[in-house]
Amino acid sequence: MTAPNAPAASPQPARIPRLRTMVRVGMRMMFHDKLKLAGTLFGVIFSVVLVNQQLGVFLGLLSKNTMFIDHAGADLWIVPGSTETLQAGKPVPIAALYEARTTPGVAWAEPLLFGGATVSLPSGGSEPVTVVGTKAPAWRGGPWNLVAGSVEALRHPDTMIFEDSERDKLGGLNLGSVREVNHRRTVVGGFTWGLLPFAPSYSFADYDYARLLLNTPSDETSFVLIGVEPGADRDAVARAVKERVPSLEVLSASQFRSRVLSYLLRQTGIGATTGMSTIFGLLIGLIIVSLSMFSSVIDNIREFGTLKAIGCRNSDLALMLLVQSTVYGLLGSVIGLRLVTLMADGMRSPKMALVLPWQAFAATPVLMTLLCGLASLLALMRIRKVEPGMVFR
Amino acid sequence: MNNVTERHCVVDVKGLKKVYGSGAVAFEALKGVDFCAAAGEFVMLSGPSGSGKTTLLSILGCVLRPTAGRVALFGRDVAGAREDELPALRLGLIGFVFQDFNLIASLSASDNIALVLRLRGWQPKEATREAEKLLAEVGMPEKAPSLPRDLSGGQRQRVAIARALAGHPPLLLADEPTANLDGRTGVQITEMLKDLARAHGSTVVVVTHDNRIFHLADRRMHIEDGRIQEEVT
């Protein structure tokens, strides 16, 4: 005979209190085993540091090759056809400058000279530099990040501004030092900081002096920089200029930038190298976190069995793991990003600078949380197989 | 076993069989067990290792599926319940006391008890209050914040009993509750389990081979070779 007034099994409680309970238990279990916590966090931090360091170096290298375009202040560039890098290539006829200046919507247009030169060293050797010729009085495409001297020094005869970090390399330059550049006596009028592309460092000269140094005919230049009138449609102005110089290309600054980046990624292999390192970093993080969480489940297998025996469902335990993986991801990201920031500050130099955009700071916690979530799948699979009956064995 | 039919069975087992494995390696752990426990009874199951007593307890605890037979707990056919219904059945009907205590190491004594209550939908404050009350009932009110590692074996088992009683489940299942305790503590713990279960109105099934506590049973059954051999009075 069975009991007539049987007690009912308790109804399933509201989802939120149950979630809160499992979150709390998950957190307590996680912070209880400090060694395991440290091991798992190490995996996440390692991943965050490696990925962001690689990304920072990669973006730093790219920015070195596009910084000139970013700082030139031009809305549009007239460049020779098929230009993919910011280097002297086929010349641009100077007539293009006058065509641009007379195009409706153009506020200003200035020529810019680019070319390779060598600096003779007192010791006897020579070092290459990239000579940039810029026009007074606006000095479009002129030097920035000046740490000594002034751009106005370029008005003085035979004067150039060099890169500060190359002073030793160029034979111990100081303000007022004299060197031969392409066999012409040149005076040092100032120094910039950090203007080091993949190519030799930028060295600035007045346009006419640069033309002499580079032996450029007066009817040719390297690029034409264009500023668009306020309120004018930049694309429309670009089309109008292009109609006047059909043999040349008219690019917006962002188009030129993209083209340079695209070339670098295709031709230099730094994209593939950095990509591999990034994937490697993520993979190592995934493996460490995955094994650490799995081993944590194995270590506490009896507790998970007990939780199942007293009424927890697989979904409750999955939630616990999810919470743990989220906390691992977020906490590891915060610590890792802090380390990367410190590393970036420590590594900052004219030759090497980690560039960490805000997007990296925003994406890292999301990426790491996803990675930790993925890493918890192995542990979850083990938990699903835990028989509550094991607690009686 | 005549009294099975006479008793008001809240735990009602008929023709229970459990076979582990299949084919040549099949092992029949239970060979048609009939078992009954009345409301509020304190029943002990004893028997040698491998006799099937833990298998029977596991099936009663809804943590193991029988191969054949009927298992009804308080009128509910748990043998036929769907897999996803079992956690709720365990949570609502059964409190467990384990041989190894099985407390959650990272939770305090109070939180181990409150966990069950919170899973049952109690508000955190009420759950904590009730947990502290239960700890007082097992004589350890001052141990509420202690972690299991800071408790002795006897104290851990007291916390486990308090956890089993949390939410007043109508059935308590205890698996060798004195196995890891010295003789005196084992008897004390079992006496406490019996008294508290009675106060809470719970039916208790204890699996044990500890003859020092046999005298505390309302009824004691001996299980051997997968069959309940005799009822020892």
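The values are calculated or read from the model by the stated rules, or taken from the named source; none is laboratory data. Computed from a prediction, not measured in an experiment: that's the story for all the values here. Cβ coordinates were reconstructed from backbone atoms using ideal geometry, including for glycine residues, and neighbour counts include every protein chain displayed.
Look at (1) in contact with a helix residue (DSSP H, G or I) (Cβ under 7 Å, 6 or more places away or on another chain); (2) in a loop (DSSP other than H, G, I, E, B) and you find that B:R90 fails only one, number (2).
For the range A:308-317, the count of residues that are away from every other protein chain (no Cβ under 14 Å) and touching a helix residue (DSSP H, G or I) at 6+ places or on another chain (Cβ under 7 Å) is zero.
Residues in the range B:95-118 that are outside any helix (DSSP H, G or I) and more than 7 Å from chain A (Cβ to nearest Cβ) were compared, and the one that is farthest from the chain's Cα centre (by Cα) is B:S108. Restricting attention to the range A:267-284, the residues that are polar (S, T, N, Q) and within 14 Å of A:V49 (Cβ to Cβ) add up to 2.
Report yes if some residue within the range B:66-76 is more than 14 Å from chain A (Cβ to nearest Cβ), among the hydrophobic types (A, V, I, L, M, F, W, C) and closer than 22 Å to B:A179 by Cα; otherwise report no. Checked the range B:66-76: no residue is more than 14 Å from chain A (Cβ to nearest Cβ), among the hydrophobic types (A, V, I, L, M, F, W, C) and closer than 22 Å to B:A179 by Cα.
Count of the range A:147-185 residues, restricted to those that are more than 29 Å from the chain's Cα centre (by Cα) and in contact (Cβ under 8 Å) with a residue 60 or more places away in the chain, is 5. B:Y20 meets each of the listed conditions (1) closer than 26 Å to B:A166 by Cβ; (2) more than 10 Å from every other protein chain (Cβ to nearest Cβ) apart from (1).
Identify the residue in the range A:12-62 that is small (G, A, S) and without any contact (Cβ under 8 Å) to a residue 60 or more places away in the chain and, among all such residues, is nearest to the other protein chains (Cβ to nearest Cβ). Outline the logic, then answer.
Keep residues of the range A:12-62 that are small (G, A, S), which gives A:14, A:26, A:38-39, A:43, A:47, A:56, A:60.
Those left that are additionally without any contact (Cβ under 8 Å) to a residue 60 or more places away in the chain: A:14, A:38.
Values: A:A14: 6, A:A38: 16 Å.
Only one residue tops the list, namely A:A14.
Looking only at residues in the range B:95-118 that are charged (D, E, K, R) and in contact (Cβ under 8 Å) with a residue 12 or more places away in the chain, the one that is farthest from A:G305 (Cα to Cα) is B:D111. Here A:Q54 fulfils each of the conditions (1) modelled with pLDDT under 85; (2) among the polar types (S, T, N, Q); (3) part of a helix (DSSP H, G or I) apart from (1).
Residues are listed down the side, and each one gets a yes or a no for (1) farther than 28 Å from B:G47 by Cβ; (2) away from chain A (no Cβ under 14 Å):
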| residue | (1), (2) |
| --- | --- |
| B:K133 | yes, yes |
| B:P148 | yes, no |
| B:A164 | no, no |
| B:G167 | yes, no |
| B:L171 | no, no |
| B:T178 | no, yes |
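Considering A:I288, A:I279, the condition of being surrounded by fewer than 17 Cβ atoms within 10 Å (Cβ to Cβ) and either touching a strand residue (DSSP E or B) at 6+ places or on another chain (Cβ under 9 Å) or not aromatic (F, W, Y) (or both) is satisfied by A:I279 alone. May I ask you to list the residues in the range A:108-131 that are among the hydroxyl-bearing types (S, T, Y) and not in a strand (DSSP E or B)? A:S123, the sole residue that qualifies.
May I ask you to verify whether A:G81 is surrounded by fewer than 16 Cβ atoms within 10 Å (Cβ to Cβ) and either outside the structural domain of A:A205 (by TED's automatic domain parsing) or of a type in the set (G, A, S) (or both)? It is true that A:G81 is surrounded by fewer than 16 Cβ atoms within 10 Å (Cβ to Cβ) and either outside the structural domain of A:A205 (by TED's automatic domain parsing) or of a type in the set (G, A, S) (or both). All conditions but one from (1) among the basic types (K, R); (2) under 14 Å from A:L307 (Cα atoms); (3) part of a loop (DSSP other than H, G, I, E, B) apply to B:R65; the one that does not is (2).
Taking the range A:79-127 as the range and being under 33 Å from the mean Cα position of the chain (by Cα), closer than 21 Å to A:R244 by Cα and of a type in the set (S, T, N, Q) as the test, the residues that pass are A:S82, A:T83. In this entry, A:G336 passes the filter for residues that are at pLDDT 90 or above, on the phi < 0 side of the Ramachandran plot and crowded, with 20+ Cβ neighbours inside 10 Å. Within the set B:G121, B:G92, the sole residue that is of a type in the set (G, A, S), within 7 Å of chain A (Cβ to nearest Cβ) and touching a residue at least 60 places away in the same chain (Cβ under 8 Å) turns out to be B:G92.
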